[in-house]
Amino acid sequence: MANKRALIFTGGNLSLQILDIIEENDYIIGADRGALFLIENGISPHISVGDFDSISAEQLELVNSKSKETVKCDPIDKNLTDTELALDVAIERDASEILILGGTGTRIDHTLANIHMLLRGVQHHVHCSILDEHNFITLTGSTCEVEDLGFTYVSLLPLTPEVTGINLEGFQYPLHQATLKIGQSLGISNRLSGHRGTVSVEGGLLLIIQSKDQ
């Protein structure tokens, strides 16, 4: 699957509309309940991974029968979340881009862990992001093009204690050689001034969150 986009469907909030993101050449990974969601909607994952402790034995049989490959791990002995297991698969199989769907939801601990996992993409030089109905989240430690995807706001939050040398082009509120520190809200609720903008940083890691209320 080298040079293909990998879509990870995991167990957070998933809607039928999110299935429209799937393209013909995508490599589809189901993580635990995310695999069941895919199969119940007529999509066979290339691989399903996880401990599958959130689905019944009958549902697991369905996942096994409809997935091209299944990797099941022990729920007691595993050290990684199902989403991280899926992310490892995507990285190991040389995905050119990774998009996590169902990575946000009512469990704030899982949501934050999934956001922190974007660091793995930066470390492996793979563009990695999280998408739901209201948010598109990515991470940069260098330069990132931000395209208008239909979201209202673009917010910037440091993932490291400090992010330095922040420059924004194509935004309503530009920044030049700015510094953001954890605990500051200076980067919240900016907007693109056109169809795309550029975010560049010189030091640290910066979350770029496109969002909308409805």
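The values are calculated or read from the model by the stated rules, or taken from the named source; none is laboratory data. These figures come from a predicted structure and were not determined experimentally. Methodologically, a virtual Cβ is constructed for each residue, glycine included, from the backbone with ideal geometry; neighbour enumeration extends over all protein chains shown.
Restricting Thr106, Thr140 to residues that are more than 24 Å from His195 (Cβ to Cβ) and over 10 Å from the mean Cα position of the chain (by Cα) narrows the list to Thr106.
Selection of strands (runs of 3 or more DSSP E) fully inside region 135-214 by the criterion of at least 1 residues being within 27 Å of Asn13 (Cα to Cα) returns 135-140, 143-147, 153-158, 206-211. Among the conditions (1) in contact with an Asp or Glu (Cβ under 7 Å, 6 or more places away or on another chain); (2) under 22 Å from Leu119 (Cβ atoms); (3) not hydroxyl-bearing (Ser, Thr, Tyr), Phe52 misses just one, which is (2). Scanning region 4-24 for residues being closer than 19 Å to Lys68 by Cβ and surrounded by fewer than 18 Cβ atoms within 10 Å (Cβ to Cβ) gives a total of 5. Taking Gln177 as the residue in question, decide whether it is modelled with pLDDT under 95 and surrounded by fewer than 19 Cβ atoms within 10 Å (Cβ to Cβ). Considered against the rule, which asks whether it is modelled with pLDDT under 95 and surrounded by fewer than 19 Cβ atoms within 10 Å (Cβ to Cβ), Gln177 comes out as no.
Might you check whether a residue that is touching a His at 6+ places or on another chain (Cβ under 7 Å) and not hydrophobic (A, V, I, L, M, F, W, C) occurs anywhere in region 112-119? No: zero hits. Would you confirm whether any residue within region 140-149 is surrounded by 15 or more Cβ atoms within 10 Å (Cβ to Cβ), within 14 Å of Ile209 (Cβ to Cβ) and touching a helix residue (DSSP H, G or I) at 6+ places or on another chain (Cβ under 7 Å)? No. Residues in region 25-60 that are among the acidic types (Asp, Glu), surrounded by 15 or more Cβ atoms within 10 Å (Cβ to Cβ) and assigned to a helix (DSSP H, G or I): how many? Of the residues in region 25-60, 0 are among the acidic types (Asp, Glu), surrounded by 15 or more Cβ atoms within 10 Å (Cβ to Cβ) and assigned to a helix (DSSP H, G or I).
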